[in-house]
Amino acid sequence: MKPGDIILFNWENLLGTIIRWRNKIKYGEKGWSHVGIITEDCGENVRIHEAVSKGFVSSQYPKYWLENKINKGVCIIGTPQQELHNIKENADKYLGRDYSFTDLLNIMIYWISGKTIFKQTANHLICSEAVTRILYDASKKKIDFEKEYEIPYDLIEPMHIRNSQQVKF
């Protein structure tokens, strides 16, 4: 667990259940429902930046707790395949932004129709959008999920990150 590592979670909540249902249909597996990026090694803890229902936040997680979750298959860690610079600084610039519930609606509409109705913006973030934006910035634009998947950042899901050639799990 080091700065720049990506951590995928499989949370057991309503949104997680919906995402896993979608993953089962699209990818044939329950997959992952949440993602964050490790931005700092704090000794016995790591700092993870992530978008949660209260917005984009920075939290410390005990390493032993994360290792336990990894052993139980509740989370996995991946390493970006490009060098990253100023990870924490690139993540900190998103702190305090609201969670984007409209992005979730946009993704659902996109699942059904292949179209979106809301304009893309970085003013409000979902977890996978935040992580992919941070990776883009910290890699000096070398890690580009929009280009890899030909969709905007606000439609990128945790499984896109899991299946990307740009991150090794």
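Things worth noting here:
- With contacts taken as Cα pairs under 8 Å at a separation of at least 6 residues, segment 6-168 carries a relative contact order of 24 percent.
- Those trypsin sites (Lys or Arg not before Pro) in segment 49-97 that DSSP places in a loop and that have at most 15 other beta carbons within 10 Å: LYS54, LYS72, LYS93
- Least to most buried among TYR94, TYR61 (fewest other Cβ within 10 Å first): TYR61, TYR94
- Chain lengthening between TRP111 and ASN68 when straightened (0.36 nm per residue, less Cα-Cα): 12.1 nm
- Within the chain, longest stretch clear of exposed GluC sites (Glu not before Pro) (DSSP loop, no more than 13 other Cβ within 10 Å): 84-149
- Ordered by the count of other Cβ atoms within 10 Å of each Cβ, fewest first, TYR153, TYR110 give TYR110, TYR153.
- Segment ILE77..ASP98, full-extension length gain: 5.0 nm, with 0.36 nm per residue of separation and the alpha-carbon distance subtracted.
- Electrostatic dipole magnitude of segment 6-168 [Cβ: Lys, Arg +1; Asp, Glu -1; Cα centre; debye, to 20]: 360
- A Förster radius of 22 Å combined with the Cβ-Cβ distance from ASN163 to ASP41 puts the calculated FRET efficiency at roughly 0.25.
- From helices alone, the chain scores -11000 deg cm²/dmol at 222 nm; the rule is -39500 (n - 2.57) for each run of n ≥ 4 DSSP H residues, then divide by the residue total.
Where a number appears in this text, it was derived from the coordinates with a stated rule and is not lab data. The structure presented is a predicted model; accordingly, all values stated were derived computationally and were not measured. All Cβ positions, even for glycine, are placed from backbone atoms using ideal geometry, and neighbour counts span all protein chains on display.
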